[in-house]
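Visitor: Here it is, the structure in full.
The values are calculated or read from the model by the stated rules, or taken from the named source; none is laboratory data. Computed from a predicted structure; not experimentally measured. Heads up, the Cβs are rebuilt from the backbone with ideal geometry, glycines too, and the neighbour counts pull from every protein chain shown.
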Amino acid sequence: MAWIQGAHARSPRAATNVALLLGALWLGACGGASLQMRAAARQTVAAPRPDMAQVVFVLPSPFRDVVGLVDERGVYLGQLGARTWTVSQVAPGPHRFYALVGADAHVVHGTLEAGRTYWVVAEHDVLRGLRWVAWEVPCGDDEAGRLRGARAVEVDPAASTETIRRHLGDIPQRMLEADRELEALSASQRALRHLLPACEVAAVASPSTGPASGS
């Protein structure tokens with residue numbers, strides 16, 4: 001610390017520069033994990049495949065850390081960073097999707113149908129932290145509104161697997177912690193973790209305006 005005090009005695013500007021440098025080094029040391037994803041070629045949500053279920057994961061707000069995504073088998077699905085979203089195509093049937101972030105782990109679950117789209121939103125609140133919730137998109141709602149200002153990302157084959165593995169940590173243990181957290185929630189809180197498909201507006205025939213004419 002003596003050299004900092006000496007710099008301050010010689011030049012206030014030098015002391016300011018040193019303080020800024022130390023601040024930058026501190027922020028770099030305390031920063032969250034870097035996002036190991038690449039920009040997706042498609043920046044809109046496509047229609048789901050008829051033989052698969054589609055899950056959209058979105059983190060629509062600013063967030064310092066990275067959210068790791070794994071399924072019920074512990075298979076890595078990707079990551080979310082601030083204002084990003086990604087899509088996974090999965091086989092129909094029962095599924096669980098885990099969010100691993102910092103020391104916390106959360107899970108949503110449900111039985112997914114082929115040809116349907118499901119949404120999972122990472123809601124960040126300064127006071128409550130990250131909330132991992134299943135969003136049942138009601139009919140007439142603006143799905144694109146959830147993605148406004150966010151960019152689509154996808155798994156980067158060139159990303160460091162070691163960096164990803166280090167960020168995910170002990171996956172089986174963290175999944176177990178998330179499952180226990182789910183069981184400890186109230187019924188109303190657990191309902192927010194249950195995946196339901198987004199509304200599909202069925203085609204409706206135009207009503208007849210009068211009696212059909214005879215032949």
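Visitor: If GLU177 passes every condition in (1) farther than 25 Å from THR44 by Cα; (2) at pLDDT 95 or above; (3) within 16 Å of the chain's Cα centre (by Cα) but one, which one does it miss?
Guide: So the condition that GLU177 fails would be (3).
Visitor: Among the candidates ALA178, ALA99, single out the residue that is under 17 Å from LEU35 (Cα atoms) and touching a His at 6+ places or on another chain (Cβ under 6 Å). It would help to see each step written out before you state the result.
Guide: On the way: ALA178 fails: under 17 Å from LEU35 (Cα atoms).
Step by step, each of ALA178, ALA99 is checked, and only ALA99 is under 17 Å from LEU35 (Cα atoms) and touching a His at 6+ places or on another chain (Cβ under 6 Å).
Visitor: When you look at ALA150, is it under 19 Å from LEU35 (Cα atoms), modelled with pLDDT of 85 or more and touching a Lys or Arg at 6+ places or on another chain (Cβ under 6 Å), yes or no? Walk me through it before giving the result.
Guide: Values: under 19 Å from LEU35 (Cα atoms): yes; modelled with pLDDT of 85 or more: yes; touching a Lys or Arg at 6+ places or on another chain (Cβ under 6 Å): yes.
So ALA150 passes the test.
Visitor: Now, a different point. Out of everything in region 151-164 that is under 14 Å from the mean Cα position of the chain (by Cα) and surrounded by fewer than 17 Cβ atoms within 10 Å (Cβ to Cβ), what residue ends up being nearest to ALA41 (Cα to Cα)? Break it down into steps so the answer makes sense when it comes.
Guide: If we filter region 151-164 for residues that are under 14 Å from the mean Cα position of the chain (by Cα), which is where we start, we get 151-155.
Keeping just the survivors that are surrounded by fewer than 17 Cβ atoms within 10 Å (Cβ to Cβ) gives 151, 154.
Numbers: ARG151: 10, GLU154: 9 Å.
My answer is GLU154.
Visitor: Right, something else. Among the residues of region 23-47 satisfying the criterion of being surrounded by fewer than 13 Cβ atoms within 10 Å (Cβ to Cβ) and modelled with pLDDT of 90 or more, which is farthest from ARG166 (Cα to Cα)?
Guide: Initial filter on region 23-47 (surrounded by fewer than 13 Cβ atoms within 10 Å (Cβ to Cβ)): 23-31, 39, 41-44, 46-47.
Then drop every residue that is not modelled with pLDDT of 90 or more, which leaves 39, 41-44, 46-47.
Numbers: ALA39: 22, ALA41: 27, ARG42: 29, GLN43: 29, THR44: 31, ALA46: 32, ALA47: 34 Å.
So the residue we want is ALA47.
Visitor: Residue by residue through region 186-195, note down the ones that are within 21 Å of the chain's Cα centre (by Cα) and either basic (Lys, Arg) or part of a loop (DSSP other than H, G, I, E, B) (or both).
Guide: Kept after step one, since they are within 21 Å of the chain's Cα centre (by Cα), are these residues of region 186-195: 189-195.
Selection gives ARG190, LEU192, ARG193, LEU195.
Visitor: Mind checking which strands (runs of 3 or more DSSP E) fall wholly inside region 59-146 and carry at least 3 residues that are within 10 Å of the chain's Cα centre (by Cα), of a type in the set (S, T, N, Q) and buried (at least 16 other Cβ atoms within 10 Å of the Cβ)? Steps first, answer last, please.
Guide: On the way: elements: 67-71, 76-80, 84-90, 93-101, 104-112, 117-125, 129-135.
Per the criteria, no element qualifies.
Visitor: Of all residues being in contact with a strand residue (DSSP E or B) (Cβ under 9 Å, 6 or more places away or on another chain) and assigned to a loop (DSSP other than H, G, I, E, B) in region 48-58, which is surrounded by the fewest Cβ atoms within 10 Å (Cβ to Cβ)? Just the residue, please.
Guide: Initial filter on region 48-58 (in contact with a strand residue (DSSP E or B) (Cβ under 9 Å, 6 or more places away or on another chain)): 48-49, 52-58.
Those left that are additionally assigned to a loop (DSSP other than H, G, I, E, B): 48-49, 52.
Working: PRO48: 22, ARG49: 11, MET52: 16.
Filtering region 48-58 for residues that are in contact with a strand residue (DSSP E or B) (Cβ under 9 Å, 6 or more places away or on another chain) and assigned to a loop (DSSP other than H, G, I, E, B), the one surrounded by the fewest Cβ atoms within 10 Å (Cβ to Cβ) comes out as ARG49.
Visitor: Among the residues of region 112-130, which ones are within 21 Å of ALA198 (Cα to Cα) and either free of Cβ contacts under 8 Å to residues at least 24 places away in the same chain or in contact with a Phe, Trp or Tyr (Cβ under 9 Å, 6 or more places away or on another chain) (or both)? Working first, answer last.
Guide: If we filter region 112-130 for residues that are within 21 Å of ALA198 (Cα to Cα), which is where we start, we get 112-123.
If the condition is that a residue be within 21 Å of ALA198 (Cα to Cα) and either free of Cβ contacts under 8 Å to residues at least 24 places away in the same chain or in contact with a Phe, Trp or Tyr (Cβ under 9 Å, 6 or more places away or on another chain) (or both), then LEU112, TYR118, TRP119, VAL120, VAL121, ALA122, GLU123 are the ones that fit.
Visitor: I would also like to ask the following. Test HIS167 against the stated conditions and say whether it is in a strand (DSSP E or B) and either surrounded by 13 or more Cβ atoms within 10 Å (Cβ to Cβ) or not hydrophobic (A, V, I, L, M, F, W, C) (or both).
Guide: Working: in a strand (DSSP E or B): no; either surrounded by 13 or more Cβ atoms within 10 Å (Cβ to Cβ) or not hydrophobic (A, V, I, L, M, F, W, C) (or both): yes.
The answer is no for HIS167.
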